[in-house]
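The values are calculated or read from the model by the stated rules, or taken from the named source; none is laboratory data. Quick caveat: nothing in here was measured; it's all calculated off a predicted structure. Cβ placement follows ideal geometry from the backbone for every residue including glycine, while neighbour counts extend to all protein chains displayed.
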Amino acid sequence: MGKTKRPAAGRTRPSDAYWKRFRDTAPKYFWSEKTRLASIVVAGAKGSTLVDVDGKEYIDFTSQWSTNNLGNVHREVRDATVDALDRYGFLIYFMNPHVPMIDLAEALLEVRPSKALTRVFLEATGTGAAEGAVKHAVESSGRPLVLSFMGQYHGLSIGTINLGSLSSWERRHWEAFQGGVVHAPYPFPYRRPRGMSEEDYGEWALSYIEDQILKHVAHPDRIAAAIFEPVACEAGIWIPPRNFVRGLRRLCDAHGWFYIDDEVEAGLGRTGRMWAIEHYGVEPDLVAIGKALSGGLLPIAAVLGTERAMGEVEVAAGTTFGGHPAACVAATKTLEILRRDRIPERSARLGARALKRAKEWEALDLVGEARGIGLCIGIELVKDKDGKAPNPEAAREVFRECVDAGTILLWNWGDHVLRIQPPLTIEREELDRGLGVLEAALRRHAG
């Protein structure tokens, strides 16, 4: 895999023409040398494999940002989706409630991370789900502010880009729209202060909220909710201390805040549990779900909520294509397969195996840490072990070498973390081959 016959001298490849057409039509962000991620044009995809227009195959370690958790084009999901398109076409669900949306709502409640979650709001995207959760929290509580955490990602809409704070570069020009969002530090253990344990760091982050934010920035009775990623995937697979997640739940209870759990990327089996929040023994009040919900075939997202969040106040929320009948059918079938085939448990097994191998790379001078939970693994590259200075240059080179060798990792431009988030259905041998490609590239760049 990963090799293809090169064109004779003076001849162009099909990809050259496609790439030119892409550059001629797409916004600069997608093809600029500074910001682009893509270097191939895909002609087909199946399972854990992509094929480009030149006929070259690639192992997909991205599952398209954890959207294809069941692999690309899962046959059962596809067949159910096509049948639903024939049967229903398109219906706007808040004007024409339909059978698939009711089936999906009940299926989601069967796998909910808390029995207190009793209501389901359907959206089209994970961004919409995050905003929908916040909208229900703010309007149901009558409070204007939301507590979020530095480094989290909730989307790139004008609202969610300020709800999160993954990158100041992405937020530039929109700072004035931050409005009612207050940001606190996310306790990322690898970069905790020297001499501080993970548990100490969790306690420090909680005390920062209580001693700084609540005393000097926002009174607790003005905060509607805290929105939190139990695993901050886009930040580089940040896994917070357990005591912090539990302590945040206590703060929410003490002040009447809704606890919003953003599971858009980390949910649906990615971390080895159906929901990432289940690793901490914490029950949320609202849950944002997206990406992998339909098996990657159609856009759909959802918000789960308590009676207080969704059953007592009329909140004006909705979207044209959210709850598309065929997408609802795809989502219901995806949930069925996740449970029937014990996909989260499979993710836990394969992830533990992959992380064990990745931990060996910490002996290399450019690998600061290999961390992960389930098939959600991050390799942090540094310029020096002691100072932990980020090494985005090496990450970019390793990423591109892996693409050339037939394995596509998850990497955000300018970042220094390489991420392994393949389909949860990937075969073990395919996973091992991809890890081998990454290991070889890391060793070439190691001192």
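Could you check the stretch 338-354 and list, in sequence order, the residues that are surrounded by fewer than 20 Cβ atoms within 10 Å (Cβ to Cβ) and not small (Gly, Ala, Ser)?
339, 340, 341, 342, 345, 346, 349, 353
In the stretch 320-335, which residue that is out of contact with any Ser or Thr (no Cβ under 7 Å at 6 or more places or on another chain) and assigned to a helix (DSSP H, G or I) is surrounded by the most Cβ atoms within 10 Å (Cβ to Cβ)?
By that ranking, first place goes to 328.
Quick one: residue 191 ticks every box in (1) among the basic types (Lys, Arg); (2) touching a helix residue (DSSP H, G or I) at 6+ places or on another chain (Cβ under 9 Å); (3) within 18 Å of residue 378 (Cβ to Cβ) bar one, so which box is it?
Among (1) among the basic types (Lys, Arg); (2) touching a helix residue (DSSP H, G or I) at 6+ places or on another chain (Cβ under 9 Å); (3) within 18 Å of residue 378 (Cβ to Cβ), the lone unmet condition for residue 191 is (2).
I'd like to check something: does the stretch 89-99 contain any residue that is assigned to a helix (DSSP H, G or I) and over 30 Å from residue 406 (Cα atoms)?
yes
Quick test for you: out of 79, 52, pick the one residue that is over 22 Å from residue 303 (Cβ atoms), over 23 Å from the mean Cα position of the chain (by Cα) and not assigned by TED's automatic domain parsing to the domain that holds residue 155.
Details: 79 fails: not assigned by TED's automatic domain parsing to the domain that holds residue 155.
Matching residue, one of 79, 52: 52.
Select from the stretch 358-402 the residues that are charged (D, E, K, R) and closer than 19 Å to residue 238 by Cα and list them in ascending order.
359, 362, 369, 371, 380, 385, 388
Being within 19 Å of residue 296 (Cα to Cα) and either in contact with a Lys or Arg (Cβ under 6 Å, 6 or more places away or on another chain) or crowded, with 21+ Cβ neighbours inside 10 Å (or both) is the filter here; which residues of the stretch 106-124 pass it?
108, 122, 123
Which residue pairs have Cβ atoms under 7 Å apart, sit 6 or more places apart or on different chains, and have a first residue in the stretch 192-204 that is under 8 Å from residue 241 (Cβ atoms) and touching a residue at least 12 places away in the same chain (Cβ under 8 Å) and a second that is among the hydrophobic types (A, V, I, L, M, F, W, C) and assigned to a helix (DSSP H, G or I)?
Close Cβ pairs (under 7 Å, with a partner that is among the hydrophobic types (A, V, I, L, M, F, W, C) and assigned to a helix (DSSP H, G or I)) amount to 202/244.
So which residues in the stretch 392-414 are within 24 Å of residue 356 (Cβ to Cβ) and either of a type in the set (A, V, I, L, M) or crowded, with 21+ Cβ neighbours inside 10 Å (or both)?
394, 395, 398, 399, 402, 405, 407, 408, 409, 410, 411
If residue 199 satisfies every condition in (1) of a type outside the set (Gly, Ala, Ser); (2) exposed (fewer than 15 other Cβ atoms within 10 Å of the Cβ); (3) part of a loop (DSSP other than H, G, I, E, B); (4) touching a Lys or Arg at 6+ places or on another chain (Cβ under 9 Å) but one, which is the exception?
Unmet condition: (3).
Say we look at the stretch 427-447 and pick out the residues that are in contact with an Asp or Glu (Cβ under 8 Å, 6 or more places away or on another chain) and part of a loop (DSSP other than H, G, I, E, B); which of these is surrounded by the most Cβ atoms within 10 Å (Cβ to Cβ)? If you could, list the steps in order and put the result at the bottom.
Residues of the stretch 427-447 that are in contact with an Asp or Glu (Cβ under 8 Å, 6 or more places away or on another chain), as a first pass: 441, 444-447.
When the remaining residues are screened for being part of a loop (DSSP other than H, G, I, E, B), the result is 446-447.
Values: 446: 13, 447: 5.
This residue is 446.
Would you check which residues across the stretch 52-88 are among the aliphatic types (A, V, I, L, M) and assigned to a strand (DSSP E or B) and list them?
If the condition is that a residue be among the aliphatic types (A, V, I, L, M) and assigned to a strand (DSSP E or B), then 59 is the only one that fits.
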